[in-house]
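Q: Let me begin by handing over the structure; questions about it come next.
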Amino acid sequence: MRANPETGGHGGLPLQLHRPPFTIVKIVFLLALLACNSRAQTSKVSVLDFGSQSIAQRAAETLRNRLRIVGALQVTDADLSRAAAKGVGYSGSLNLTVNEARDLGAALATEFYIIGDAQTLRRSSFEKPVYFESYCSIFLVSARTGKLLFWDRPSFENSEATRAETLLSQHLADDAFINRLVAIISKTKQEETIQSTVLNSSVDAVIEEAPEDEKVAADQGIRLPRPYRRLRPGYPDTAARAEAEAVVDVAVDVGADGEVGEVQIVRWAGFGLDESTVATVRQLHFFPAMKNSAPIPMRVLLRYNFRKPPR
């Protein structure tokens, strides 16, 4: 069930969470165990194609080659990754749900993967004559959770296309950039291992099935949560520079008091749009969901559509 703050639709999953506490000793033990084993572990990473332009092929291959020399990583064969992605119908989108991202990760048989888009564009403006921009949008994704872990969009301008492309390639091969990716992969792998161990020893959360729409909810004696006022996330400069248009979906836990609890991105877009959405959702206040005249906690799905603002 989806709630769209722009159209006024409401819905969600009634939520009852039972989260047993875990002792500090257990967490410390897990951390110590991970610290002992992390050096011996390697992470499997796929780098998918960044487009059809020559700079796109060069950018993806630069990342593959640089990541291959990192001892903690195993980079999968490009042809095998390409075939696996094509087999599940992936066509290069950078706006995926976490389920779609997990499905793609499963097809790649990898722990992490990088998707992106790289182009060289001929541009002009009132401030300067014709110039060229070479950019590369880079998204690092966890195959296990489907979460977007990191995004970046390095961009270089020059009066000569070849020079702009050279600057971009140098940036992608730079140790500082590669080390940043490796650090995020290493940290995420440790966190996911801890989370998996904790969840495997916990009692599953009890989540009631949500009514499909407001009429069904009313028939069940349920009134879905409604925000006091609707807020629209801002369109950040980082998205404007990328001319990004995308959809961001968030799952929001609304308590019996109408206050926002946990907020989870379930369709990510990068370029600062996810962060803008979460910051806005955390400012919302709701009339809580009601069941048989009593307030209840409920999880709702909110959708925000981002389009380039008119010039």
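Q: Determine, from the Cβ-Cβ distance of residue 264 and residue 109 and an R0 of 25 Å, the FRET efficiency 1/(1 + (r/R0)^6), rounded to the nearest 0.05. Can you show the working numbers first?
A: On the way: r = 26 Å, r/R0 = 1.02.
The calculated FRET efficiency here is 0.45.
Q: Based on alpha-carbon centroids, what's the gap between segment 210-242 and segment 288-311 in Å, whole number please?
A: Segment 210-242 and segment 288-311 have Cα centres spaced 2 Å from each other.
Q: Once label points are set 7 Å from the Cα along Cα→Cβ at both residue 44 and residue 125, what is their separation, rounded to one decimal in nm?
A: Distance between label points: 4.5 nm.
Q: I'd like the FRET efficiency for residue 83 and residue 292, computed as 1/(1 + (r/R0)^6) with the beta carbon distance as r and R0 of 41 Å, rounded to 0.05.
A: Working: r = 54 Å, r/R0 = 1.32.
Using R0 = 41 Å, I get an efficiency of 0.15.
Q: Moving to a separate point now. Given a 1.4 angstrom probe, what's the average accessible area per residue across segment 94-139, in square angstrom?
A: Details: 2040 Å² over 46 residues.
Roughly 44 Å² per residue, with all protein chains present.
Q: If you don't mind, another one. So how much accessible area does residue 214 have, in Å² to the nearest 10, using a 1.4 Å probe?
A: Approximately 90 Å² for this residue.
Q: Right, something else. Given the whole protein assembly as supplied and a 1.4 Å probe, what does the accessible area of residue 230 come to in Å², nearest 10?
A: Residue 230 has an accessible surface of roughly 120 Å² with all protein chains in place.
Q: Another one. Using a simple spin-label model with points 7 Å from Cα along the Cα→Cβ vector, what separation in nm is obtained for residue 162 and residue 241?
A: Here the answer is 2.8 nm between the modelled labels.
Q: Can you list the lysines whose alpha carbon is less than 22 Å from that of residue 187, not counting same-chain residues fewer than 8 positions off?
A: Output for residue 187: 26, 44, 147.
Q: Quickly work out the residue 170-to-residue 228 label distance, labels modelled 7 Å from Cα along the C-beta direction, and quote it in nm with one decimal.
A: Inter-label distance under the simple model: 5.4 nm.
Q: Each residue of segment 214-224 in turn: what ³J(HN,Hα) in whole Hz from Karplus with 6.51, -1.76, 1.60 and θ = phi - 60°, glycine and Pro shown as x?
A: 5, 5, 4, 4, 4, 5, 8, x, 10, 10, 6
Q: While we're looking at this one, here's another question. Tell me which lysines have Cα within less than 26 Å of residue 215's Cα, excluding those fewer than 8 residues away on the same chain?
A: 291
Q: If r is the Cβ-Cβ distance from residue 216 to residue 74 and R0 is 51 Å, what FRET efficiency results, to the nearest 0.05?
A: Details: r = 49 Å, r/R0 = 0.95.
E between residue 216 and residue 74, to the nearest 0.05, is 0.55.
Q: Sticking with this structure for a sec: What residues qualify as long-range amide H neighbours of residue 266, i.e. H under 5 Å apart, gap of 5 or more or another chain, H built at 1.01 Å from N?
A: So residue 266 has HN proximity to 249, 250, 251.
Q: Right, another one. Keeping all protein chains in place and using 1.4 angstrom, which order do 184, 69, 178 fall into by accessible surface area, from largest down? Write out the running numbers ahead of the final one.
A: Numbers: 184 40, 69 125, 178 0 Å².
Descending accessible area places them as 69, 184, 178.
The values are calculated or read from the model by the stated rules, or taken from the named source; none is laboratory data. Small disclaimer: the values here were computed from a predicted structure and weren't measured. Heads up, the Cβs are rebuilt from the backbone with ideal geometry, glycines too, and the neighbour counts pull from every protein chain shown. Surface areas here come from the heavy atoms of the whole protein model, side chains and all, with no ligands, DNA or RNA. Shrake-Rupley method; radii C 1.70, N 1.55, O 1.52, S 1.80 Å.
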